[in-house]
Amino acid sequence: MTHIFNLDQSKYLVPHWLTEGLAVNNEGTGRPAEWLRILAGRAASNELLTVATLDAGFTHPRTSEDHTLAYCQAQLLIEYLAKTYGPDVHVKLLRSFAAGQDSAAAIRAACGVDVSVIETGYAAFVRDFVAKSGAKPLDKVASLAQLEAAVAKNPDDADANARLAEQYLRRKRSREAREYSNVALNKDPRCGLALYVKAQLYLDAGDDDKALEVLTNATDGDQPHALCLRSLAAPTCMPGRRTRRWRH
């Protein structure tokens, strides 16, 4: 609904970062833990998106992580602009875009400063947010052998079992994916990654209703797993329609 209003008010000229940022902000839910960990990792490696590159995170992401980061940073940009330039800054931006202005001109008109000032302030705002959040970067992607070794070493670790289950899912080894996701959920019924695997297994079996039930329950919390959110948001994720697995 937010997108519909934004498109109408901007005469379909609103950039992705503005409409997506407003949409995420209006959802009123907490940021998924994975978003924060990706954000922390990019901050640590000095690879955060800027105002100038934020739209490309939506339109031309190099990786699935870029896409996730774009949603996270778009919401943070909305927060920064509102706190710094007033709660009506988004209305001013939409009007400026509706008038046919590009991003630089629209920001200048709505905020009264040049984009370079926004870039500097926004970068500091994001880094300050990361520092206060206490989020830690995502672990480096482990190989299947490493994940199997991690489970062998700590068989009661829900996260380790879930990560192994997700790797088996990628390799279309459904039996093993089901086995280790069940172990993870027995240890932690709210394990987001394990719930994602469980939902995808239902989808692969043609049981869309059960998959939707699992994803709905999995996202009913303060920090739902990003993969569960993406799967639930997929246009085909509804009873009676086959859902395509979101590959990351």
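A few points about this structure:
- Any hit, the stretch 124-137, residues being under 14 Å from ALA194 (Cβ atoms), open to solvent by less than 70 Å² (accessible area, probe 1.4 Å), in contact with a Lys or Arg (Cβ under 9 Å, 6 or more places away or on another chain) and in contact (Cβ under 8 Å) with a residue 12 or more places away in the chain: no
- Test: residue in the stretch 100-113 that is free of Cβ contacts under 8 Å to residues at least 60 places away in the same chain, open to solvent by 50 Å² or more (accessible area, probe 1.4 Å) and of a type in the set (A, V, I, L, M): yes
- Sole residue being farther than 18 Å from ALA23 by Cβ, outside any helix (DSSP H, G or I) and among the hydroxyl-bearing types (Ser, Thr, Tyr), chosen from THR50, THR120: THR50
- Scanning the stretch 129-167 for residues that are outside any helix (DSSP H, G or I), modelled with pLDDT under 90 and more than 23 Å from the chain's Cα centre (by Cα) turns up just one, SER143.
- Number of positions in the stretch 14-60 that are in contact with a Phe, Trp or Tyr (Cβ under 6 Å, 6 or more places away or on another chain) and surrounded by fewer than 18 Cβ atoms within 10 Å (Cβ to Cβ): 1
- ASN217 being over 16 Å from GLU148 (Cβ atoms) and at pLDDT 95 or above: no
- Hey, ALA150 in contact with a Leu (Cβ under 8 Å, 6 or more places away or on another chain) and surrounded by fewer than 20 Cβ atoms within 10 Å (Cβ to Cβ) or not: yes
- Of the set (1) closer than 29 Å to LEU48 by Cβ; (2) surrounded by 17 or more Cβ atoms within 10 Å (Cβ to Cβ); (3) not basic (Lys, Arg), all apply to ASN161 but (1).
The values are calculated or read from the model by the stated rules, or taken from the named source; none is laboratory data. Since the structure is predicted, the reported quantities are computational estimates derived from the model, not experimental observations. Note: ideal-geometry Cβ built from the backbone for every residue, glycine included; neighbour counts use all protein chains shown. What goes into the accessible areas is simple: the full protein's heavy atoms, side chains included, and nothing from ligands, DNA or RNA. Shrake-Rupley method; radii C 1.70, N 1.55, O 1.52, S 1.80 Å.
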